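> Provided herewith is a single structure, encoded as structure tokens, for subsequent inquiry.
What follows draws every value from the coordinates through simple rules; no lab data is involved. Keep in mind the model is a prediction, meaning the values are calculated, not measured. Reconstructed Cβ throughout: ideal geometry from the backbone, glycine too, with neighbour counts over all protein chains shown.
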Amino acid sequence: MCGIVGYVGKKDNCVRVLIDGLEKLEYRGYDSAGIAYFNGEKINIVKESGKLENLKNIVNFNDQSQIGIGHTRWATHGGAKKQNSHPHKIGKFTIVHNGIIENYANLKNDLIKKGYTFNSDTDTEVACALIDYLYENDKNIANVIKKANEIMIGSYAIGILCDDEPNNLYVIKNKSPLIIGVSEDEKFIASDVPAILDKTDNYISLDDGDYGVITKDNIKLYNSGKEKEFKIQKFEFDADLMDKKGYPHYMLKEIHEQPDVFKKTVNPYINNDFDGLMKKMPDFTKYSKVRIVACGSATHAALVGKQMLEEYGNVKTDVETASEFRYSKPFLNKDELVIVISQSGETADTLEALKLAKDNKNDTLGIINAKGSSIARCSNMVLYTEAGKEIAVATTKAYSAQVAMLSLIALNLSCKKNLISKEEMMDILKSVRNLPNQMQELLDKNDEYEQIAKKLAEHNDIFFIGRKVDYALAQEGSLKLKEISYTHSEAYAAGELKHGTISLIESGTPVIAIVTDDFIAPKTISNMIEVKSRGADVLYITNRNNDEDDKLYDNRIIIPRTHKLFQPLLTIIPLQKIAYEVAKIKGCNIDKPKNLAKSVTVE
Ligand code: F6R
């Protein structure tokens with residue numbers, strides 16, 4: 001993933017601009033950070049392993065500079081060590097890179113034969129050497145970059161400085177995000193708009209294959225050897241979103257934003273009536289099947305959506321992990337709709353899966369949070385979730401907005417196919433109106449979550465069980481716990497335990513049983529009994545009121561009931577809050593868990 005930033009302008013505070021930009025990009029990786037800037041005499045490189053804080057302690061903010069590049073790293077090639085941190089310099093070139101050069105090993109061998117030596121294990125240093133080598137034979141840097149672009153395979157957004165042209169900032173973009181920020185006296189490059197938003201909200205979004213040169217007065221962009229015209233866009237951003245609003249972590253703030261996100265996502269479609277639902281959504285009735293492709297939590301949202309689309313939309317729905325799907329024979333029917341789901345809209349695997357579906361000539365729908373992102377631009381149809389900017393690496397509000405959107409699609413199908421009665425529609429209207437308050441009620445049960453988290457934090461292995469939609473929720477609950485509290489946990493379809501995993505259940509093993517679907521509840525409850533009788537410590541999360549024997553569980557969280565289409569949006573809240581509390585007790589870095597990054601632009 002990594003984050004890159006660059007500056008060229010008439011002010012002398014380049015070092016400060018780079019560090020400020022990296023601070024906003026740290027969500028993309030935080031294994032090491034570095035900057036390179038021209039100080040009037042030479043290009044000075046400062047880099048350090050670990051968090052940006054370490055770099056801040058050693059840079060000289062008084063150094064005057066009008067041009068430079070910076071990088072925050074999520075390690076791919078080579079460990080999280082100083083020698084692998086960017087910027088890298090070979091010969092006359094200094095570069096920062098986000099992405100993966102897939103053919104770096106072959107290129108490296110060729111360049112070693114040509115006399116180059118390497119100090120790091122990175123693919124970036126190889127790209128730098130390649131550019132330097134090509135420059136030996138052609139002193140026109142734009143030509144050199146065009147050739148490098150033709151030789152390198154993979155994903156890359158690169159910022160380049162050259163000793164011979166210290167006032168020019170060169171860029172290349174292919175399959176990794178890169179924008180150019182524009183103000184009258186200053187130009188910026190960044191992996192993401194928020195990195196430069198306090199400087200300008202005018203930006204140019206680069207396409208794959210674009211490369212060019214930026215000076216303080218001018219921008220020239222090319223694609224395939226031809227100069228290209230570009231459009232300056234305006235980013236609309238609510239600076240309020242960057243404020244933690246008194247919460248100790250962005251994740252907690254974002255969990256608590258869910259009632260509002262629900263309203264913003266659902267109200268355009270269902271308000272006092274269903275007009276929006278019928279008029280603002282494409283016609284999905286023409287598709288005989290649906291395939292949903294996504295990664296991580298977005299896949300878990302898809303698994304909830306599958307239940308809704310099959311039960312309410314009466315359409316067969318399969319869910320596939322994008323990183324697997326993109327390398328499979330897709331076996332897509334001609335009239336199959338492919339839905340891709342992504343918060344960032346930049347996830348490399350999801351984007352490639354989308355391209356595969358488009359190559360196959362299937363209609364594609366993106367359920368996307370980031371407006372104008374690569375996946376949004378590439379999808380035939382887009383429905384935007386209204387979660388707003390999500391800063392914590394672990395998704396919460398964007399996940400629930402994805403689930404809400406899938407429920408809306410299921411309901412749209414149900415209405416258009418005349419599968420739902422007037423009474424049920426009225427019930428849904430009531431449920432939608434009440435849901436934000438019910439979410440708030442659950443969000444406020446802090447003491448309960450803290451008590452349960454205290455117990456769970458003492459264990460290294462935790463099991464989640466559920467059936468159907470509750471199994472999909474169990475998978476998301478387990479992922480939340482793993483990624484932010486580093487506690488090993490597994491989610492199982494409750495009926496599967498007896499086929500192997502139940503051998504792991506012993507006295508005191510924590511099992512979180514999720515039971516919200518009345519149709520299947522008795523079956524899951526039987527599985528709860530099975531683990532309880534083997535000594536498990538059972539946390540029962542349910543919307544069923546007091547009808548179960550209290551010997552079946554050790555702790556219970558009652559969640560309010562709502563219409564089945566929206567029940568998951570309530571059930572997920574205790575799972576998110578418990579994961580958060582466990583991570584807090586264990587002293588983890590909740591907003592930036594180790595080894596992770598917010599936007600996964602590498603495969
Ligand atoms: C987990 C998490 C990830 C993302 C996944 C897809 O909390 O955030 O699993 O859901 O990387 O990201 P997007 O939705 O940006 O495509």
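> Normalising by the residue count of the range 439-590, find the relative contact order in percent from Cα pairs under 8 Å and 6+ residues apart.
The normalised contact order for the range 439-590 reaches 31 percent.
> Write down the Å³ per residue value for the convex hull defined by the alpha carbon atoms of the chain.
Spelled out: Cα convex hull of the chain, divided by residues, is 159 Å³.
> Are there any trypsin sites (Lys or Arg not before Pro) in the range 91-169 that are in a DSSP loop and have at most 13 other Cβ atoms within 10 Å? List them by number.
Loop-located and lightly packed - K114, K139.
> Based on other C-beta atoms within 10 Å, arrange V602, V340 from fewest to most.
If I rank by nearby Cβ atoms, fewest first, I get V602, V340.
> Normalising by the residue count of the range 174-295, find the relative contact order in percent from Cα pairs under 8 Å and 6+ residues apart.
Relative contact order here is 15 percent.
> If you don't mind, another one. Using amide H atoms built in the peptide plane, which far-off residues or other-chain residues are under 5 Å from S32 H to H?
Result for S32 returns G50, R73.
> Quick one: the Cα spread of the range 390-446 along its three principal axes, in angstroms, biggest first?
40, 23, 11
> Moving on. Over 15 Å, how big is the tail of the calculated P(r) for the range 264-310, in percent of all Cα pairs?
Percentage above 15 Å: 61.
> Ranking T94, T215, T396 by Cβ neighbours within 10 Å, fewest first, what do you get?
Fewest-to-most Cβ neighbours within 10 Å comes out as T215, T94, T396.
> Further, regarding this structure: Ratio of Rg to Rh for the range 176-306, alpha carbon only, Kirkwood?
Taking Rh as the inverse mean 1/r over Cα pairs, Rg/Rh reads 1.07.
> What is the range 100-239 by shape, rounded, prolate or oblate, if you read a ≥ b ≥ c off the alpha carbon gyration tensor as root eigenvalues and call it rounded for a/c under 1.5, prolate for a/b larger than b/c, and oblate otherwise?
prolate
> Now for a separate question. Can you give me the pair-distance distribution of the range 33-107, C-alpha pairs, 5 Å bins, whole percents?
The percentages, shortest bin first, are 3, 15, 24, 25, 17, 9, 4, 2, 0.
> Rounded if a/c is under 1.5, else prolate if a/b is larger than b/c, else oblate: which is the range 359-433, with a ≥ b ≥ c the root eigenvalues of its Cα gyration tensor?
The shape class here is oblate.
> Just want the ordering: T124, T265, T72, T509, from fewest to most Cβ atoms lying within 10 Å of their own Cβ.
By the 10 Å Cβ count, ascending, the order reads T509, T265, T124, T72.
> In the chain, what percentage of the DSSP-assigned beta bridges are antiparallel, given to the nearest 5?
Among the beta bridges of the chain, antiparallel pairing accounts for roughly 60 percent.
> I would also like to ask the following. Mind checking which aspartates and glutamates have their C-alpha under 17 Å from K454, skipping anything on the same chain fewer than 8 residues away?
Cross-link targets: D537, D554, E581.
> Highest mean first, what order results for 348-354, 329-335 on Cβ atoms within 10 Å?
The most tightly packed comes first, giving 348-354, 329-335.
> In whole Hz and in residue order, list the ³J(HN,Hα) couplings for the range 74-87 that follow from phi through the Karplus curve 6.51 cos²θ - 1.76 cosθ + 1.60, θ = phi - 60°; x for Gly and Pro.
10, 4, 10, 9, x, x, 7, 10, 4, 5, 8, 6, 8, x
> So, one more: Can you give me the pair-distance distribution of the range 485-603, C-alpha pairs, 5 Å bins, whole percents?
Here the calculated profile for the range 485-603 is 2, 9, 18, 19, 18, 15, 11, 6, 2, 0.
> When only DSSP loop residues count, what GluC sites (Glu not before Pro) in the range 398-505 have their Cβ near at most 13 other Cβ atoms within 10 Å?
Sites meeting the loop and neighbour criteria: E458.
> I would also like to ask the following. Exceeding 26 Å between C-alpha atoms, which entries from my cross-link table qualify? They are K11/K234; K455/K577; K263/K523; K280/K329; K334/K355.
In this structure, K263/K523; K280/K329 exceed 26 Å between Cα atoms.
> With only alpha-carbon atoms in the gyration tensor, what are the semi-axes of the equivalent ellipsoid for the range 363-493, in Å, largest first?
30, 21, 16
> Would you mind computing Rg(Cα) / (2.2 N^0.38 Å) for the range 3-237, counting N as its residues?
Compactness ratio reported: 0.92.
> Could you pull out every whole DSSP H run in the chain that spans at least 27 Å of Cα extent along its own axis and averages 0.0 or higher on the Kyte-Doolittle scale?
What comes out of the filter, once short or polar helices are dropped, is 397-416.
> Quick one: compute the contact order of the chain, relative version, from alpha carbon pairs under 8 angstrom and 6+ residues apart, as a percent.
12
> Can you compute the radius of gyration and Dmax for the range 86-182, using only the Cα atoms, both in Å?
12.3, 42
> Related question: Within the range 205-308, report the GluC sites (Glu not before Pro) that DSSP leaves as loop and that have at most 16 other Cβ atoms within 10 Å.
Those that pass, being in a loop and sparsely packed, are E229, E236.
> Please list the non-local residues whose amide H lies under 5 Å from the amide H of I465, H modeled 1.01 Å from N, same-chain partners needing a gap of 5 or more.
Counting only residues 5 or more places away or on other chains, the set is Y492, I512, A513, I514.
> Given the -39500 (n - 2.57) contribution per DSSP H run of 4+ residues, what per-residue ellipticity at 222 nm results for the chain, rounded to the nearest 500 deg cm²/dmol?
Theoretical 222 nm ellipticity from helices: -11000 deg cm²/dmol.
> Can you give me the P(r) profile for the range 249-420? Cα pairs, bins 10 angstrom wide beginning at 0, each as a whole percent.
11, 41, 37, 11, 1
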